[in-house]
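Engineer: Could you have a look at this structure, given as structure tokens, before my questions?
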Amino acid sequence: MQILFITSNRLGDAVISTGVLDALQKRYPAAMFTVVCGPVAAGLFEADPRCERIITMEKRRHDRHWFELWRACYRTRWFMVVDLRGSLIGLTLRARRRIIVRGGRRPGLRVEQLGEALGYRRTPMPRVWTSEKQRAEAVATLSEGQWLALGPTANWDGKIWPPERFVELAQVLKAKNLRPVVFYGPGEGERARAEPVLKALPEALDLGGDKSLGEVAALLQLCALFVGNDSGLMHLAAAAGTPTLGLFGPSRASEYAPAGRFARFVEAPGPEGDAPIEGLSVAAVLKVAKEILREKDTCGSDRCSD
């Protein structure tokens, strides 16, 4: 039984889609999955035992990427094609069933929209898959202490909370014995955005740049709290089960708030979608961060229902 699952090229949207992928795997326990995504998101699915093939799709001129995907898939007689990008390719492949989710942005949480489109009454929460090796290496790296994960980068500068405020937040949370660890994505641009925080917090562990998504997810699972800008990393932290606080300015929390048991967000004052993130104070972020930590401490995993 073969299911083709076409998800986003962008990391954040791909992470959000892992909830419905997990739900489909539970609904069809005999099925194996082929996942189509962008190169940046491919690592999300590498450790998934039900994912037998990952097809990375890079945008090409004249929409040739869709033709190349069709050529990679047309020989298979699919049990189901699930297309979260709203393309027409699902109509051109042999499949017993097709689910094509309309593309484009619309009001409401994206994670809820995906669940509703696939017929789930209860929203499937995003998740991550990690290997035994990745988990063991994460434990060796973060072997002792309570860790505060910081995500000071984003895909555009307008979403980035000022670095000095990340530093101030980390310094205040030292009183709770939280040690800072800084995460960021690959590339010189990401490194440059994280550099001011790393320089101001010489005691922080630098865990950005060169790690796979599975490795990052395993590390995040060992952190007591993640605080970061609206980004793919923020969604990954929430999916990993890390208590997560997402920071929103000119992006919309009503669409892309982090989804998870201890996931929260705080918005800069102003109209949604047009609020300067510089208006978000350390005091406002610290207030919610402390609330998350108190809730987590009070509601131990063995004493709280989901």
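The values are calculated or read from the model by the stated rules, or taken from the named source; none is laboratory data. All values derive from a computational prediction rather than experimental measurement. Virtual Cβ from ideal backbone geometry, glycine too; neighbours counted across all protein chains shown. The area values use the complete protein model at the heavy-atom level, side chains included, leaving out ligands, DNA and RNA. Shrake-Rupley method; radii C 1.70, N 1.55, O 1.52, S 1.80 Å.
Engineer: So, in segment 190-233, how many residues would count as being of a type outside the set (A, V, I, L, M), in a helix (DSSP H, G or I) and either at pLDDT below 95 or more than 23 Å from residue 136 (Cβ to Cβ) (or both)?
Structural biologist: Within segment 190-233, the subset of a type outside the set (A, V, I, L, M) is 190-191, 193, 195-196, 199, 202-203, 206, 208-212, 214-215, 221, 223, 226, 228-232.
Now drop any that are not in a helix (DSSP H, G or I), which leaves 190-191, 193, 195-196, 199, 214-215, 232.
Restricting the remaining residues to those that are either at pLDDT below 95 or more than 23 Å from residue 136 (Cβ to Cβ) (or both) gives 190-191, 193, 195-196, 199, 232.
Here the count works out to 7.
Engineer: Somewhere in segment 60-82, is a residue within 28 Å of residue 134 (Cβ to Cβ), touching a Ser or Thr at 6+ places or on another chain (Cβ under 7 Å) and among the aliphatic types (A, V, I, L, M)?
Structural biologist: No, segment 60-82 has no match at all.
Engineer: Still on this model: Please list, ordered by first then second residue, the pairs with beta carbon atoms under 7 Å, 6 or more apart or interchain, first in segment 283-300 and touching a residue at least 40 places away in the same chain (Cβ under 8 Å), second open to solvent by 70 Å² or more (accessible area, probe 1.4 Å).
Structural biologist: Listed by first residue and then by second, the contacts come to 288/264; 292/264; 293/176.
Engineer: Here's something else I'd like to know. Considering only helices (runs of 4 or more DSSP H) fully contained in segment 1-105, which possess at least 3 residues that are touching a Gly at 6+ places or on another chain (Cβ under 8 Å), surrounded by 14 or more Cβ atoms within 10 Å (Cβ to Cβ) and modelled with pLDDT of 95 or more?
Structural biologist: Numbers: elements: 11-27, 64-73, 89-92.
Fully inside segment 1-105 and qualifying: 11-27.
Engineer: Please go through segment 126-167 and pick out each residue that is out of contact with any strand residue (DSSP E or B) (no Cβ under 6 Å at 6 or more places or on another chain), more than 24 Å from residue 249 (Cα to Cα) and part of a loop (DSSP other than H, G, I, E, B).
Structural biologist: If we filter segment 126-167 for residues that are out of contact with any strand residue (DSSP E or B) (no Cβ under 6 Å at 6 or more places or on another chain), which is where we start, we get 126-144, 152-153, 155-158, 162-165, 167.
Narrowing further to those that are more than 24 Å from residue 249 (Cα to Cα): 127-144.
Within segment 126-167, 127, 128, 129, 130, 131, 142, 143, 144 qualify.
Engineer: List the pairs whose first member sits in segment 231-256 and is of a type in the set (Ser, Thr, Tyr), whose second member is crowded, with 24+ Cβ neighbours inside 10 Å and in a helix (DSSP H, G or I), and whose Cβ atoms are under 6 Å apart, counting only residues at least 6 apart or on separate chains?
Structural biologist: So the pair list comes out as 242/220; 244/237; 244/238.
Engineer: So for segment 179-188 (the condition being touching a Ser or Thr at 6+ places or on another chain (Cβ under 8 Å) and either part of a loop (DSSP other than H, G, I, E, B) or surrounded by fewer than 21 Cβ atoms within 10 Å (Cβ to Cβ) (or both)), does at least one residue qualify? Before you say what the answer is, go through the steps one by one.
Structural biologist: Of all residues in segment 179-188, those touching a Ser or Thr at 6+ places or on another chain (Cβ under 8 Å) come to 184-185.
Those left that are additionally either part of a loop (DSSP other than H, G, I, E, B) or surrounded by fewer than 21 Cβ atoms within 10 Å (Cβ to Cβ) (or both): 184-185.
Within segment 179-188 (the criterion being touching a Ser or Thr at 6+ places or on another chain (Cβ under 8 Å) and either part of a loop (DSSP other than H, G, I, E, B) or surrounded by fewer than 21 Cβ atoms within 10 Å (Cβ to Cβ) (or both)), the answer is yes, since at least one residue qualifies.
Engineer: Can you tell me which condition residue 227 does not meet? The list is (1) in contact with a Pro (Cβ under 8 Å, 6 or more places away or on another chain); (2) over 23 Å from residue 132 (Cα atoms); (3) open to solvent by less than 10 Å² (accessible area, probe 1.4 Å), and all the others hold.
Structural biologist: For residue 227, the exception is condition (1).
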